[in-house]
Amino acid sequence: MATKVVDLRSDTVTKPSEAMRAAMAAADVDDDVLGADPTACRFEAEMARIMGKEAALFVPSGTMANLISVLAHCDARGSEVILGDDSHIHVYEHGGISTLGGVHPRTVPNNPDGTMDVDRIVAAIRSTDGALYYPTTRLICLENTHGNSGGKCLTVEYTDKVGEVAKAHGLKLHIDGARIFNASVALGVPVDRLVRAADSVSVCLSKGIGAPVGSVIVGSKAFIQKAKILRKTLGGGMRQVGVLCAAAEVGVRDTLGKLADDHRKAKVLAD
């Protein structure tokens, strides 16, 4: 008779480790809406450092992280975002960028490897000659790893190429990096290098990292300041949030080094 169940429904069903629970109980906390929670501040600074960006913001979920990021970049109604037709933002996030932000999605077909053809991305950018008729393209979104393509990793070369397109056309680039650390480990590329071309990245803490709750957004200081306002607008401003950040901090410290072994075990099961 089985005495232990290994639950493989999703990497979101992990339970907090004893180290996480201890850190949560001992967390030094204050009011994070006022910017005063020391554990949250420390964790956000560490995540910004790891990701190679100026600043970071803890938010309740990956969906909110992506929504905030899109709205921060597309801060004028009638904006348009170019994204994959099989991307998480487009398929699984309840159309929030449209229903809450007035942002129009312009989809490009995702290839089996999770990419979008670069020439199709360029073709989807609206011409300023049609400004009287068309939405204004402001943002390109990538997803790494790409869930609906079976967790395929987008290479740093591809990401850089899309970043060059964005920069050449005066656009921003956001990466839905829910599992960006898995991509970094699988590709053998440091995570800060993998996302260097991006203006913002969302990172989920409750998947492979194993924390019970939360995501972080990283980007420039100016971007994160806008994100803080949007987080409050969306009801995501939490008070003594250091209790949650403490668990995430342990996850980042203790679990990142185990991801390669996670991948090895997954490959054994797949085979």
Label model pair residue 263, residue 91: point-to-point distance (7 angstrom along the Cα→beta-carbon line) in nm is 2.2 nm
Ordering 237-248, 71-82, 254-265, 97-108 by per-residue average of other C-beta atoms within 10 angstrom, highest first, gives 237-248, 71-82, 97-108, 254-265
For the stretch 1-143, the Debye formula with one identical point scatterer on each Cα and no solvent gives log10 I(q)/I(0) at q = 0.11, 0.12, 0.20 Å⁻¹ as -0.63, -0.72, -1.24
For the chain, the percent of accessible surface on carbon and sulfur atoms (probe 1.4 angstrom, ligands and nucleic acids excluded) is 54 percent
Per the rule of 0.36 nm per residue minus the C-alpha distance, extending residue 220 to residue 157 adds in nm 20.5 nm
Kirkwood Rh over alpha-carbon pairs of the stretch 183-245 plugged into Stokes-Einstein at 10 °C, 1.306 mPa s gives a D in µm²/s of 118 µm²/s
Counting only protein heavy atoms and rolling a 1.4 Å probe, one gets per residue an accessible area for the stretch 18-270 in Å² of 45 Å²
A chain fully extended from residue 6 to residue 28 at 0.36 nm per residue, minus the present Cα-Cα distance, gains in nm 4.6 nm
Projected area averaged over all directions for the convex hull of the alpha carbon atoms of the chain, nm², comes out at 15.2 nm²
Ordered by number, the chymotrypsin sites (Phe, Trp or Tyr not before Pro) in the stretch 20-121 that occupy a DSSP loop and have at most 16 other Cβ atoms within 10 Å are 92
Taking every DSSP bridge whose two residues both lie in the chain, the antiparallel percent to the nearest 5 is 40 percent
Simple spin-label estimate for residue 117/residue 76, 7 Å along Cα→Cβ, in nm, reads 3.1 nm
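The values are calculated or read from the model by the stated rules, or taken from the named source; none is laboratory data. The structure displayed is predicted, hence computed values, not measured ones. Methodologically, a virtual Cβ is constructed for each residue, glycine included, from the backbone with ideal geometry; neighbour enumeration extends over all protein chains shown. Heads up: the accessible areas ignore ligands, DNA and RNA and are worked out on the full protein's heavy atoms, side chains in. Shrake-Rupley method; radii C 1.70, N 1.55, O 1.52, S 1.80 Å.
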